[in-house]
Amino acid sequence: MSVLLPATTLSTISTPSNSTRILPPIPLNKKQPSSSTRHKLGLNSAVKTWTFTRPTHRCRCCLAMPVEPTTTTSSSQLQDGCLHSRAYWVSKSVIAWNVDMLDGLCYLYASKAAALSFSNSGIQGHDVEIKLDGDDNRLPVNVIDKFPHLQDYNTFKLPPALDAKSLLKCQLVIAVFSSDGKCINATGLQLPGVLDELFSYDGPLGAVFSNDAVSVHLWAPTAQDVQALIYSDPCGVEPIDIVKLEEANGVWTSIGPRSWEGCYYVYEVSVYHPSTLQIEKCIANDPYARGLSADGNRTLLVNLESDGLKPEGWDDLAVEKPDLLSFSEISIYELHVRDFSASDDTVHPDIRGRYLAFTSQDSAGILHLKRLSDAGLTHVHLLPTSQFAGVEDEKYKWKCVDTHVLESLPPDSAEQQAHITAIQNEDGYNWGYNPVLWGVPKGSYASNPIGPSRIVEFRKMVQALNRIGVRVVLDVVYNHVHGSGPFDENSVLDKIVPGYYLRRNTDGFIEHSTCVNNTASEHVMVERLILDDLLSWAVNYKVPFLWRSF
């Protein structure tokens, strides 16, 4: 049985006509939690019973509230289940959930306005209720191959005529009811399996430049609406244009004039976010950004093929690269872009710690690299140079320790360390293993983080190193990203398609085993983003291969 409640907000969702009936709205309970509690939990309707103890686990993306034991399943326990995502929508027709149904029934609920709530009388606020059929068979082989950890989960079948693509834009909850009609278990859903099946895509993404137009393409199949806010400069308050993107099979696109080149933009993505249980308007950069404003506040519309961004002789650099007869001859020297020249008095002060320091052919550092090259060094391995968090792009914002004060202290004093520790999160130093956007050079190493300078200067660095006899490889960090959630200024991927790009555990919380916010490279469009990024660095910056960071 599928039940469709009156709702104008879900006009695109359809269910099989022979299993749909209309019911009157269910009245809300009178007792409601306080507004502050409702805000923290993302609740949209009343919940009758509240027996929360003090929180014992706080995840970066979600708050799990343990419930005091009761003899029956309370509405607060059901709400706790909704804060988790323990079921998996693994293909268009199959949901996997490790739950004991006994003799009960299972239903899928959807709300386009994210209005689902719980009471003793059941689940309220839904636009669609769909009865799921249990299946005694194991999950399909192709599903087990993709999700081997789910092989023993129970299988639930969806109606064949279900409009799954529309449902995927909603808040979703799956619930089990006992034989006497009481809801005994409920949880949210993880969607990567069905998203990969229905929306895998190999067409253009990011900004595409033609002779007379600029088009932007964003993969965001769970979004309800996407707009591009176009700005003439990196700091302007008011956009010069607000463009509504049109969706086709999960990809949102708009075509603008060629005059957009050199402008900045961000996306405004309206999407259900499982960390807040709300429809959020997320402001995000383009995951396929190739240029940025300072500190990555906005994406720069930049054409990397433009002649104005190429150093003299750039197109011929491939033939100038040092010969490499065998991989067994590789000898690698690891360098940090800032450390290489930050304290080198033979480098002009204006370029110390920056990409252009590698073009200073008579500096102590470059002369040392030349000697190493003559002795057999083949490659310079640069620590992460893509846009990362932890260092302001604009140097005037850095805090520095007064070296004269440090020198005045006794050698065995603990005060030196205290001075350093006080500003360690606001200085210019960071290894760079907290990536924000993979496809753009870090702005703090450029002479001007605004505009295309970082692109030109990175290319000059590669060119200069090649010309002294060494190739360049990059330390890349594809296994995690620094930000997550709908509000973090360093979050990008988790704002565009929440719950897809970042790997989640069986409770639905983001995994942090690789440091923080594991990326889910087993998902089709995550793998594609990584491969596209590798290709961009190889083609646009002539870096022949990259060194994987773990």
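The values are calculated or read from the model by the stated rules, or taken from the named source; none is laboratory data. Computed from a prediction, not measured in an experiment: that's the story for all the values here. Glycine also receives a Cβ, built like all others from the backbone with ideal geometry; neighbour counts cover every protein chain displayed. Protein only, heavy atoms only, side chains kept; ligands, DNA and RNA dropped before computing areas. Shrake-Rupley method; radii C 1.70, N 1.55, O 1.52, S 1.80 Å.
Within region 274-290, the set of residues being part of a loop (DSSP other than H, G, I, E, B), open to solvent by less than 20 Å² (accessible area, probe 1.4 Å) and touching a Ser or Thr at 6+ places or on another chain (Cβ under 8 Å) comprises ASN285, ASP286, ALA289.
Consider region 214-267. How many of its residues are of a type in the set (A, V, I, L, M) and at pLDDT below 95?
Step one: of region 214-267, the residues of a type in the set (A, V, I, L, M) are 214, 216, 218, 220, 223, 226, 228-230, 237, 240, 242-243, 245, 248, 251, 255, 266.
Narrowing further to those that are at pLDDT below 95: 237.
Of the residues in region 214-267, 1 are of a type in the set (A, V, I, L, M) and at pLDDT below 95.
Taking region 199-229, which residues are open to solvent by less than 20 Å² (accessible area, probe 1.4 Å) and either closer than 21 Å to LYS165 by Cβ or in contact (Cβ under 8 Å) with a residue 60 or more places away in the chain (or both)? The answer is PHE199, GLY203, GLY206, VAL214, VAL216, LEU218, TRP219, ALA220, PRO221, THR222, ALA223, VAL226.
Among the residues making up region 260-273, those that are farther than 22 Å from LEU191 by Cα and either open to solvent by 30 Å² or more (accessible area, probe 1.4 Å) or in a loop (DSSP other than H, G, I, E, B) (or both) are GLU261, GLY262, CYS263. Per the conditions (1) in contact with a helix residue (DSSP H, G or I) (Cβ under 9 Å, 6 or more places away or on another chain); (2) farther than 30 Å from ASP80 by Cβ; (3) surrounded by fewer than 21 Cβ atoms within 10 Å (Cβ to Cβ), the sole criterion not satisfied by GLU522 is (2). Among the residues of region 291-314, those identified as open to solvent by 70 Å² or more (accessible area, probe 1.4 Å) and modelled with pLDDT of 95 or more are GLU305, ASP307, GLU312. For region 227-259, a tally of residues being of a type outside the set (Val, Ile, Thr) and either under 25 Å from MET525 (Cβ atoms) or in a strand (DSSP E or B) (or both) returns 16. Residues in region 323-343 that are modelled with pLDDT of 90 or more, open to solvent by less than 90 Å² (accessible area, probe 1.4 Å) and in a loop (DSSP other than H, G, I, E, B): ILE330, SER331, HIS336, ALA342. Would a scan of region 480-500 turn up a residue that is among the aromatic types (Phe, Trp, Tyr), in contact (Cβ under 8 Å) with a residue 60 or more places away in the chain, over 28 Å from ASN303 (Cα atoms) and touching a helix residue (DSSP H, G or I) at 6+ places or on another chain (Cβ under 7 Å)? Scanning region 480-500 turns up at least one residue that is among the aromatic types (Phe, Trp, Tyr), in contact (Cβ under 8 Å) with a residue 60 or more places away in the chain, over 28 Å from ASN303 (Cα atoms) and touching a helix residue (DSSP H, G or I) at 6+ places or on another chain (Cβ under 7 Å). The set of residues in region 225-280 that are farther than 21 Å from SER306 by Cβ and of a type in the set (S, T, N, Q) comprises GLN227, ASN249, THR253, SER254, SER270, SER275, THR276, GLN278. Restricting attention to region 137-167, the residues being open to solvent by 40 Å² or more (accessible area, probe 1.4 Å), part of a loop (DSSP other than H, G, I, E, B) and in contact with a strand residue (DSSP E or B) (Cβ under 8 Å, 6 or more places away or on another chain) number 3. Before we move on, is ASP180 without any contact (Cβ under 8 Å) to a residue 12 or more places away in the chain and either of a type in the set (S, T, N, Q) or assigned to a loop (DSSP other than H, G, I, E, B) (or both)? For ASP180, the condition - without any contact (Cβ under 8 Å) to a residue 12 or more places away in the chain and either of a type in the set (S, T, N, Q) or assigned to a loop (DSSP other than H, G, I, E, B) (or both) - is met.
Among the residues of region 103-122, those identified as open to solvent by 10 Å² or more (accessible area, probe 1.4 Å) and part of a strand (DSSP E or B) are LEU105, TYR107.
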